[in-house]
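Single-structure report; data block below.
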Amino acid sequence: MAEQPFLPILIGSDMNAYGMARSFYEAYGIKPIVIGRSHLTATQNSSILHFEQVPNLNEQETFVDEMVKVAKKYSHKKLLLLACGDDYAKLIIKNKPELIKYFTVPYIDESLMDQILLKENFYKMCEKYNFSYPKTDTCTYETYESFDVKFKYPIIIKASNSVEYWACSFPGKKKVFVAHDEAEKTAILKAIYSSTYKDHLIIQEFIPGDDSYMRVLNAYVGQDGKVKLMSLGNPILEEHSPEGIGSYAAIINTYDKEIMDRVRIFLEDIGYTGFANFDMKYDSRDGEYKLFEINLRNGRSSYYVTASGHNLMKYVADDRMLGKDLGLTYAKEKHLWMIIPKGVLFKYAQNEELKAEAKRLIRAGKMTNSLFYKKDFNIKRWFKLTLNNLNYYRKYKKYFNNKGLS
């Protein structure tokens, strides 16, 4: 492949970082620079990326200085700065005025970020653009002992501050909890606030349905403010381990023009640019998709888009770095993306229709695990990933559908 005038700088070293690096390598033959506080298994022993470790990278006091060092080190190329997780996306947006001196930064401004992420504004946006959302409340450290749930059980309980939450420790800790009654709710709140975590908790109604009722939508909006790509995924199975609850483990691409049109109009109307990721769940009670949140970056599982034939990273690079004109694409091609063994998928997935479709796609050769890449094969990497993969059998056996405190 021809040498490119740009170099992607990816912040984070997780599964998403590897999927993004793989996408750039597949599209341009580029080996991105991957920067992280620690080197996670997903990006270890890889020949398609270059990893650099930067301690305290997630701290506001050091972030800009460290990124300027990176920019000066690779000043011979045009640099495309991309976040692989929410916290890094927020840091990039918050420091965008300084970072754009050194990088191409395809993210919205801080003022729009605040409008989207602040709960009250988010719900106003949902109502304006006719998006349904789950009933939601906020619990604080000061009020948790007398906190009264204003909607029916079961309920979802999750931290509003992910950085502080992952720094705390307590028995039975999970990324997300489901409480089925008052006693379980009280026990969960007490356990969380008995730890070092003292920030707010989000209390949300539970939308009925198994993992297959979820939908994930990834979009790219060009620098002209027009949506260039939208891809809707139907998860078959989520992760169920304490640290992974809510993360997708297997997805089949799907298509719903009505919801995609609504999201496209919303993004273009508010002046959005860059990647956007929407998590929603189909509510069989009223036939509506309930929007949970908008993430200001591509999703952790977003390689499902590239695997189906629409390279997500090529859109941002062609638009921002190569100045190509891009039209609007709604992805329709069916493909199975997964990070778990087939045996786990077919034992624990509960939607028989989607399981049958997954088997058809596997037989047709339309299945991808983004971490296992033939052009990035070596014994060390294969061995580590295979052990991790086999470990999913143990995790699902122990944790499947256990979202309480025990």
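The values are calculated or read from the model by the stated rules, or taken from the named source; none is laboratory data. Just so you know, these numbers come straight off a predicted model, no measurement behind them. Using ideal geometry, Cβ is built from the backbone for each residue, glycine included, and neighbour counts are taken over all protein chains shown.
Does TYR197 fit the bill of being of a type outside the set (D, E, K, R) and touching a Cys at 6+ places or on another chain (Cβ under 9 Å)?
Yes; evaluated as a whole, the condition is true for this residue.
Name the single residue that is farthest from ILE339 (Cα to Cα) among those in segment 1-50 being charged (D, E, K, R) and out of contact with any His (no Cβ under 7 Å at 6 or more places or on another chain).
Among those that are charged (D, E, K, R) and out of contact with any His (no Cβ under 7 Å at 6 or more places or on another chain), it is GLU3.
Which of the residues that make up segment 130-189 are assigned to a helix (DSSP H, G or I), within 24 Å of LYS398 (Cβ to Cβ) and β-branched (Val, Ile, Thr)?
ILE188
Kindly indicate whether any position in segment 5-16 is assigned to a strand (DSSP E or B) and of a type in the set (D, E, K, R).
Scanning segment 5-16, I find no residue that is assigned to a strand (DSSP E or B) and of a type in the set (D, E, K, R), so the answer is no.
Kindly indicate which of LEU118, LEU112 is surrounded by 15 or more Cβ atoms within 10 Å (Cβ to Cβ) and either within 28 Å of LYS96 (Cβ to Cβ) or assigned by TED's automatic domain parsing to the domain that holds ARG262 (or both). Talk me through it step by step, then tell me what you get.
On the way: LEU118 fails: surrounded by 15 or more Cβ atoms within 10 Å (Cβ to Cβ).
Only one candidate qualifies: LEU112.
Limited to segment 323-360, what total is found for residues that are without any contact (Cβ under 8 Å) to a residue 24 or more places away in the chain and assigned to a loop (DSSP other than H, G, I, E, B)?
Adding up the residues that qualify gives 3.
For segment 248-290, what are the residues that are surrounded by 18 or more Cβ atoms within 10 Å (Cβ to Cβ), assigned to a loop (DSSP other than H, G, I, E, B) and of a type outside the set (Val, Ile, Thr)?
Hit for segment 248-290 is TYR272, nothing else.
In this structure, is LYS403 assigned to a loop (DSSP other than H, G, I, E, B) and either within 30 Å of ALA179 (Cβ to Cβ) or of a type in the set (Lys, Arg) (or both)?
Values: assigned to a loop (DSSP other than H, G, I, E, B): yes; either within 30 Å of ALA179 (Cβ to Cβ) or of a type in the set (Lys, Arg) (or both): yes.
Criteria met by LYS403.
What about GLU293, is it in a loop (DSSP other than H, G, I, E, B), at pLDDT below 95 and either within 19 Å of TYR88 (Cβ to Cβ) or more than 17 Å from the chain's Cα centre (by Cα) (or both)?
Numbers: in a loop (DSSP other than H, G, I, E, B): no; at pLDDT below 95: yes; either within 19 Å of TYR88 (Cβ to Cβ) or more than 17 Å from the chain's Cα centre (by Cα) (or both): yes.
Here the answer is no, as GLU293 does not meet what is asked.
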